[in-house]
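Colleague: So that we are looking at the same thing, I have put the structure below in structure tokens.
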């Protein structure tokens, strides 16, 4: 009887392994290759923003998720600067989407 129960538990456990592996949606974020890829995308965007010689663009925060989605945040002086930052991010290799949380400063 104990052998049948142990075998049944083993079979059920084996069937549940694929579900447990996918339970953490951000599990491959800890994989070094994914982390490096995200960092490379972020670094490329930050470098391009700094090259624009517009001081506020260099202070924009860039966050890249594991699928190449980029979120930009920070403050700029005009809508044109925000549009340029979004354009730079979209043109960067590896980027799949861009979301802007950039605020435009009033009165500067």
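Colleague: Find how much the distance from residue 83 to residue 96 grows on full extension, using 0.36 nm per residue of separation minus their present alpha carbon separation; answer in nm with one decimal.
Modeller: Contour length minus the Cα-Cα distance gives 3.0 nm.
Colleague: To continue, here is another question. Restricting to the stretch 28-104, what percent of DSSP beta bridges are antiparallel, rounded to 5?
Modeller: DSSP beta bridges in the stretch 28-104 are roughly 35 percent antiparallel.
Colleague: What value in Å³ per residue do you get for the convex hull of the alpha-carbon atoms in the stretch 28-104?
Modeller: Numbers: hull volume 5.5 nm³, N = 77.
Output value, Cα hull per residue: 72 Å³.
Read the figures in this text as sums done on the coordinates, not as results from a lab. For clarity, every value in this text was computed on a predicted model and none was experimentally measured.
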